[in-house]
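**Student:** If you scroll down you'll find the structure; I have some questions about it.
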Amino acid sequence: MTTVPKLMLACALQAFATTTVLANDSMATLEAGGLVFTRSEEITMAREDLYISPEKVEVKYLYRNTSDKPVSTIVAFPMPKIGGPIEIMSAVPDEQSDNFMDFSVVQDGEEIEPNLQQRVLVRGIDFTADVEEQEIPLQPLLKETTEALKALEPDVIKDWLAKGLIVDINHGTGGEAAPEYAPVWELESIYWWETTFPAGADVEVEHRYRPSVGGSAGLVFMWDGKPSDAYAEYQQRYCIDDAFLNAAIKLEKKQNPDAGSTISSSGCPTF
């Protein structure tokens, strides 16, 4: 349980390989350019209960309106960004859905159907309008998205290659393979809903989602029985202790690369 004196209305939810702990719901205003996070002095978070497992994450909040009047606002929940360069794309629970982490929210026992804002980004530049104009799905991991790219006109393909929206995965492979284009943009997703906090009252908000459970082939935090340069970072992020390190060293000694047998760090949830 965590008690926070004031509800900080800037949410930090980062994605997968560079992820941090899941952030809180935020309050926001909806403007022409999208959601803009704000701060409310009247609404405080009186309580937060967090449950984490490899299968699901549940967070229960108790918000309190400390003022003598109702406060109407927008509550926003940013999801991790997905997509990006093919070599660093991370697994998500459901690649074939816009709600790729099965996010849901309940307020005072009543399920809410939140709105979803999506933006297509390449190096921080918003190309959502370009993709929507061609009627291509914004979610880059969908099979329908890759399939829809086949219908793009040559001038659009040339433009999107220059902008970094797509890549030809057969480029540089040699031979005479036909171009095969894949989306490599990042998708920014934010769930949001309008709500009113009654004067002097508590409001319970509960949301849940499925975490990303990823893995890697081999261990990057150690090599040849010794901690690697990445060990300090992994130790801080994943609380690696001496017992874990010693067990990994023993497993490494048993691996047989010539036979294609390696150890892996899999099943580690990312939130």
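**Student:** Read through the list (1) under 18 Å from the mean Cα position of the chain (by Cα); (2) hydrophobic (A, V, I, L, M, F, W, C); (3) under 30 Å from residue 60 (Cβ atoms), then give the number of the only condition that residue 138 fails.
**Tutor:** Looking at each condition in turn, residue 138 falls short on (3).
**Student:** May I pose another question? Are any of the residues in segment 198-210 basic (Lys, Arg) and over 30 Å from residue 44 (Cα atoms)?
**Tutor:** No; the residues of segment 198-210 include none that is basic (Lys, Arg) and over 30 Å from residue 44 (Cα atoms).
**Student:** Also, quick follow-up: Of a type outside the set (S, T, N, Q), in contact with a Ser or Thr (Cβ under 6 Å, 6 or more places away or on another chain) and surrounded by 12 or more Cβ atoms within 10 Å (Cβ to Cβ): is that true of residue 75 in this structure?
**Tutor:** Against the criterion (of a type outside the set (S, T, N, Q), in contact with a Ser or Thr (Cβ under 6 Å, 6 or more places away or on another chain) and surrounded by 12 or more Cβ atoms within 10 Å (Cβ to Cβ)), residue 75 qualifies.
**Student:** Looking at 120, 131, 167 in this structure, which one is in a helix (DSSP H, G or I), over 30 Å from residue 63 (Cβ atoms) and not acidic (Asp, Glu)?
**Tutor:** Answer to the selection: 131.
**Student:** Still on this structure: When segment 39-70 is examined, which residues are found to be farther than 19 Å from residue 209 by Cβ and of a type in the set (Val, Ile, Thr)?
**Tutor:** Residues satisfying the conditions are 43, 44, 66.
**Student:** Being polar (S, T, N, Q) and under 12 Å from the mean Cα position of the chain (by Cα) is the filter; apply it to segment 54-105 and report the residue that is farthest from residue 184 (Cα to Cα).
**Tutor:** Taking the candidates together, the pick is 99.
**Student:** Still on this structure: Aliphatic (A, V, I, L, M), modelled with pLDDT of 95 or more, loosely packed, with under 13 Cβ neighbours inside 10 Å and over 15 Å from residue 79 (Cβ atoms) - does that describe any residue in segment 163-172?
**Tutor:** no
For (1) touching an Asp or Glu at 6+ places or on another chain (Cβ under 8 Å); (2) of a type outside the set (D, E, K, R); (3) at pLDDT 80 or above, each residue gets a yes or a no:
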{"site": "199", "(1), (2), (3)": "yes, yes, yes"}
{"site": "207", "(1), (2), (3)": "yes, yes, yes"}
{"site": "214", "(1), (2), (3)": "no, yes, no"}
{"site": "219", "(1), (2), (3)": "yes, yes, no"}
{"site": "228", "(1), (2), (3)": "no, yes, yes"}
{"site": "242", "(1), (2), (3)": "no, no, yes"}
{"site": "248", "(1), (2), (3)": "no, yes, yes"}
{"site": "258", "(1), (2), (3)": "no, no, no"}
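**Student:** Any residue in segment 42-57 that is assigned by TED's automatic domain parsing to the domain that holds residue 198 and farther than 20 Å from residue 70 by Cα sitting within a Cβ distance under 6 Å of a residue that is assigned to a loop (DSSP other than H, G, I, E, B) and among the aliphatic types (A, V, I, L, M)? List the pairs, counting only those 6 or more apart or interchain.
**Tutor:** 49/1
**Student:** What number of residues in segment 137-162 are crowded, with 17+ Cβ neighbours inside 10 Å and in contact (Cβ under 8 Å) with a residue 40 or more places away in the chain?
**Tutor:** Total satisfying the criteria: 5.
The values are calculated or read from the model by the stated rules, or taken from the named source; none is laboratory data. Here the structure is a predicted model, which is why all the values come from computation and not from measurement. Neighbour counts are summed over all protein chains in view; Cβ atoms, including those assigned to glycine, are modelled from backbone coordinates with ideal geometry.
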